[in-house]
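A.B. asks: What follows is a single structure, and I will ask about it in a moment.
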Amino acid sequence: MSTRSIIAAGNWKLNKTPAETRSTIIGLRNKLAGISGRAEVIVFPPFVSLETAVDAARETNVRIGAQNVYWEAGGAFTGEVSVGMLEAVGVTHVLLGHSERRTLFGETDESVARRLGAVLDGSLTPVVCVGEVLAERESGATADVLARQVREALKDVAPDHVGRIIVAYEPVWAIGTGKTATPEIANEAHTLIRNVVADMFGRSAADGMSILYGGSVKPENTASLMAESEVDGVLVGGASLDAGSFAEIVRAAG
């Protein structure tokens, strides 16, 4: 059995007020109370609900992450949030380069790399998202796209920091569409990502990296995804908004 961390992460996106966040986290606490397993649980609420989430998850195994971060520590950057600010409210993880940030808000491989550098200078655990759009998959460019995104994101990472990084593969064509990459497709993509990391930092570093699958993950398909050798966890969207549904996913993840 792999010694890599097994992770069940829920990305709430633009959903839940602080009051709704508290209610959902408390519900999740109660649902997880009877579940024993290896899976680490991370929830990514909106910025305004982070402090509430941290408080509601206190003295549990649920970790709280942010959905994005800026690379500067402070200054005239209206609307941005720094690594230090997230650390101050008790956040432990942060998503970087989610496909919605790339496609809707103009984030690039370069900006993801700058964010990653800032995160690694602090104490947060980065979850770096990569994935291809439908046209890229249909044209046979998936391998090239994933290799480019991984190489560009990690190009300035010091070898001794690689062990802190989690990668999430999210085929953009499967996010919120109801379409899910088959377990075999996911495993193939994860293998490719791991091989790129091995080429950059060595096989040992690659074999120790947790790689998550994201894209219409549900309680019904989690176990089959997790059965694949290179899938170390799931990054869940809509199904993580309900405490019962997400708890089922955590149970299925292991």
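The values are calculated or read from the model by the stated rules, or taken from the named source; none is laboratory data. All figures in this text were calculated on a predicted structure; none of them were measured in a lab. A quick note on method: Cβ atoms are made from the backbone with ideal geometry, for glycine too, and the neighbour counts reach across all protein chains shown.
A.B. asks: Please indicate, with yes or no, whether at least one residue in the range 198-220 is among the polar types (S, T, N, Q) and free of Cβ contacts under 8 Å to residues at least 40 places away in the same chain.
C.D. replies: So far as the range 198-220 goes, yes, one or more of its residues are among the polar types (S, T, N, Q) and free of Cβ contacts under 8 Å to residues at least 40 places away in the same chain.
A.B. asks: Out of Ala53, Ala19, Ala9, which single residue is of a type in the set (A, V, I, L, M), touching a residue at least 40 places away in the same chain (Cβ under 8 Å) and either outside any loop (DSSP other than H, G, I, E, B) or surrounded by 22 or more Cβ atoms within 10 Å (Cβ to Cβ) (or both)?
C.D. replies: Criteria check complete, one pass: Ala9.
A.B. asks: Only one of (1) modelled with pLDDT under 95; (2) crowded, with 20+ Cβ neighbours inside 10 Å fails for Gly254. Which number is that?
C.D. replies: (2)
A.B. asks: While we're here: For Thr24, indicate whether it is assigned to a helix (DSSP H, G or I) and touching a helix residue (DSSP H, G or I) at 6+ places or on another chain (Cβ under 9 Å).
C.D. replies: So Thr24 passes the test.
A.B. asks: If you check Thr177, Thr222, which single one turns out to be among the polar types (S, T, N, Q) and more than 17 Å from Val41 (Cβ to Cβ)?
C.D. replies: After ruling out the rest, the residue left standing is Thr177.
A.B. asks: From the residues in the range 85-112 that are assigned to a loop (DSSP other than H, G, I, E, B) and without any contact (Cβ under 8 Å) to a residue 60 or more places away in the chain, which one is surrounded by the fewest Cβ atoms within 10 Å (Cβ to Cβ)?
C.D. replies: Gly106
A.B. asks: Something else now. Which of (1) touching a strand residue (DSSP E or B) at 6+ places or on another chain (Cβ under 9 Å); (2) at negative phi does Asp207 not meet, given it meets every other one?
C.D. replies: Only one criterion is unmet by Asp207, namely (1).
A.B. asks: Further question on the same structure: Identify the residue in the range 190-215 that is among the hydroxyl-bearing types (Ser, Thr, Tyr) and surrounded by fewer than 21 Cβ atoms within 10 Å (Cβ to Cβ) and, among all such residues, is nearest to Val127 (Cα to Cα).
C.D. replies: Looking at residues that are among the hydroxyl-bearing types (Ser, Thr, Tyr) and surrounded by fewer than 21 Cβ atoms within 10 Å (Cβ to Cβ), I get Ser210.
A.B. asks: Same structure again: Pick from Glu59, Glu72: which is outside any strand (DSSP E or B), charged (D, E, K, R) and on the phi > 0 side of the Ramachandran plot?
C.D. replies: One residue alone meets the criteria, Glu59.
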